[in-house]
Amino acid sequence: MKSNASLIIIPMFNEESRIVLNDYKSAFTNYSHLDFLLIDDASTDNTKHIISDFEKTFSNVSLLQNPLNKGKAESIRKAIKTSSAKNYNYVGYMDADLAVPFSEIHRLIKIAEINTDIKFLLGSRIKLISNTIVRSKTRHYFGRIFATIVSQIILKTPIYDTQCGAKIIQFNLAKELFENPFKTKWLFDVELLLRYKKTHSNFENFIKEEPLDIWIEKGGTKIKTKEFLLFPFQLIKLYFNY
C-alpha cells in the first residue's frame, strides 16, 4: 500500500458470476496509483478465491475477509477502520457489478483532488443528453420518490441521489463518519450525510454531486422485497435518531 494514495473499497457477496475478470485486471493495472481493498462478505461461491488471486497478482490489491456476512454498510465500515492507520487522501467505494465503471471512480477521485474544498463527493445518476444512464423505469420512479422524501424530510438538503453506489470521501472525514455502527442496513448512505450534518453545521459547503457519465443497471439486486417494504420504517428511525 502506498502512502498518500487513495483507497477504493469494493464489498462483494456471491459475486462470482458478475465479476468481469478483464475489467478488474485492467483497472488494477491502469490505476496502479490507487489501492483497492476487496471485501469477501462470507460468500458461499468462488468470490473469495477470485479476490485472493487478484491479491497475489497485483501489489495494489488486498483482500479483507468477513467470517460472517455483515452486509455492505458494516463491510465498508470495517474496511475503513482496518485501513485507518494508512496515510490516504481519499477513500471511495463502489459496487462489485461495475454499474459505475472504474473509469468513473477514477474521474471522481481526480475531481476531489483538484477541488480540495470538497470533502464528500457523490456520484449522481442524473440523466442528461450527454451521458449514459441506463435504469429500469420502476427503479427510476421509486428512486425519485425515495430521493424526494430523503432530501425534503430527512436531510432537509437538496441532494438529488443519495443511493448511487459511487462515493468519494476525504479519508479523515470517512474515519469520523464510519466510526460507529449504522442504525439501518440499506440506508447507510443517508445516515452518513446525517452524521456529517449533525457534526458540521455548514456541511453542504463541502459536499458536491457529480453527474456520472456512465451508469448501467446490472440487475441482481441483493435487496429483497421485504426489505424494500421496511424502507419507510428505516427512514422513520433515521428521522428520530438524527
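Annotations
- Among the residues examined, residue 87 qualifies as open to solvent by 10 Å² or more (accessible area, probe 1.4 Å) and polar (S, T, N, Q).
- Total residues in segment 178-193, condition open to solvent by 10 Å² or more (accessible area, probe 1.4 Å), out of contact with any Asp or Glu (no Cβ under 8 Å at 6 or more places or on another chain) and not acidic (Asp, Glu): 1
- Residues located in segment 96-151, provided they are more than 30 Å from residue 233 (Cβ to Cβ) and either β-branched (Val, Ile, Thr) or assigned to a strand (DSSP E or B) (or both): 105, 109, 111, 114, 116, 118, 129, 132, 134
- Members of segment 39-66 found to be in a strand (DSSP E or B) and within 14 Å of residue 19 (Cβ to Cβ), listed by number: 39, 40, 61, 63
- Some residue of segment 222-240 being of a type outside the set (Phe, Trp, Tyr), modelled with pLDDT of 90 or more and buried (at least 16 other Cβ atoms within 10 Å of the Cβ): yes
- Which numbered condition residue 42 misses (of (1) of a type outside the set (Lys, Arg); (2) open to solvent by less than 80 Å² (accessible area, probe 1.4 Å); (3) more than 15 Å from residue 96 (Cβ to Cβ)): (3)
- Residue, least open to solvent (accessible area, probe 1.4 Å), within segment 132-159, restricted to residues that are touching a residue at least 60 places away in the same chain (Cβ under 8 Å) and over 18 Å from residue 95 (Cβ atoms): 150
- Among the residues of segment 196-208, at least one is more than 24 Å from residue 75 (Cβ to Cβ), surrounded by fewer than 20 Cβ atoms within 10 Å (Cβ to Cβ) and of a type in the set (A, V, I, L, M, F, W, C).
The values are calculated or read from the model by the stated rules, or taken from the named source; none is laboratory data. In this text, all values refer to a predicted model and were calculated from it rather than measured experimentally. As a convention, Cβ positions derive from the backbone with ideal geometry for all residues, glycine included, and neighbour counts pool all protein chains shown. The area values use the complete protein model at the heavy-atom level, side chains included, leaving out ligands, DNA and RNA. Shrake-Rupley method; radii C 1.70, N 1.55, O 1.52, S 1.80 Å.
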